[in-house]
Amino acid sequence: MKMKNGAFFLLVIFYTYLIYFLYVWFLTNHHPNISKMTSSKFTIHLLSAIIVSTILLACGNNDSEDPKDNKLPADEPGTVSAYIDGDFFRSHGFSPVSASLKTDVNGVNQYRVSFEAEAEDNGIEQRITFSIWGTDFDSVKAGDSYSAGDEVGYGGNRFDGDFYRTGRSVEFADLDDITDSEQTSASTLSITAIDHENRLISGTFKFKSIDIFGSGLTFDITDGKFTEIQY
């Protein structure tokens, strides 16, 4: 467990004054020439230290923290995780993750692997979908990367992502956001591992998703991660 700065300073000051208190108590009780004023001054200093330590502790507890420090993307097989505008997303629910592979797309030696991950919390369903295209799926390996806008017909590896947010309760009945990834090289996916024999694939992704109706609504999908997804 990570200790905050305020708590650390509190402990340091507390134990320092505890040692000082025991020292003054020893002198007061074993040396009659020590005046009572010394004890009184010590008491004032001790109370001041407690007040200052309390303030430091409060400040430490209010320190802003990156939410990624508390919620790291999951590494469990069959999961998809990401941050949506800084809010953590992790696939869960009745059908949290699915993936499929299609080969000979358009009657040529092309493939498409499609992924879908969803999670529902507090009456709002969020769904991330993404796909990769390329040629000769058997040669796909760890380290391969895909970018939005790349043309497969010219030897490129293409990526596309979408983000959907739908209301599943009366409170959010009108919520229905449909967004598509920005078609730039900033929208990417990288494969970190693939097992062709057992049909398992892992990787990372990120993209900016834009409202398809032109409202200007956008979502930043960052630190995306999928682990051993069966296709």
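Derivation of every value follows stated rules applied to the coordinates shown; laboratory data play no part. All values reported here derive from a predicted model rather than from experimental measurement. All Cβ positions, glycine included, derive from the backbone under ideal geometry; neighbour counts span all protein chains shown.
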(message) I need 200, 189, 101 ordered by Cβ neighbour count within 10 Å, fewest first.
(response) 101, 200, 189
(request) With no solvent and one equal point scatterer per Cα, compute the Debye intensity ratio I(q)/I(0) for region 144-184 at 0.20 Å⁻¹ and report its log10, rounded to two decimals. (result) -0.65
(request) Considering the options 146, 135, 124, tell which one lies farthest towards the positive end of the dipole of region 67-230, charges being +1 on Lys and Arg and -1 on Asp and Glu at the Cβ, about the Cα centre. (result) 135
(request) Compute the distance in nm between two label points, each set 7 Å from the Cα along the Cα-to-Cβ direction, one at residue 230 and one at residue 154. (result) 3.9
(request) Would you mind working out the magnitude of the charge dipole of region 111-231 relative to its Cα centre, with +1 at each Lys and Arg C-beta and -1 at each Asp and Glu C-beta, to the nearest 20 Debye? (result) 300
(request) Quick one: P(r) of region 85-125 from all Cα-Cα pairs, 10 Å bins, percents rounded to integers, in order of increasing distance. (result) 24, 34, 22, 17, 2
(message) Using amide H atoms built in the peptide plane, which far-off residues or other-chain residues are under 5 Å from residue 160 H to H?
(response) 131
(message) For region 67-230, what are Rg and Dmax over the alpha carbons, in angstrom?
(response) 15.9, 48
(request) Provide the convex hull volume over Cα atoms per residue for region 152-231, in Å³. (result) 139
(message) Nothing charged except the Cβ atoms of Lys and Arg (+1) and of Asp and Glu (-1): what's the magnitude of the dipole of region 164-231 about its Cα centre? Round to the nearest 20 debye.
(response) 160
(request) Hey, could you grab the Kirkwood Rh for region 90-154? Inverse mean 1/r over distinct alpha carbon pairs, Å, one decimal. (result) 13.6
(message) I want to check the label-to-label distance for residue 144 and residue 170. Put each point 7 Å from Cα in the C-beta direction and report it in nm to one decimal.
(response) 5.0
(request) Find which of 156, 209, 172 sits farthest along the positive direction of the dipole of region 153-231, computed with +1 on the beta-carbon of Lys and Arg, -1 on that of Asp and Glu, about the Cα centre. (result) 156
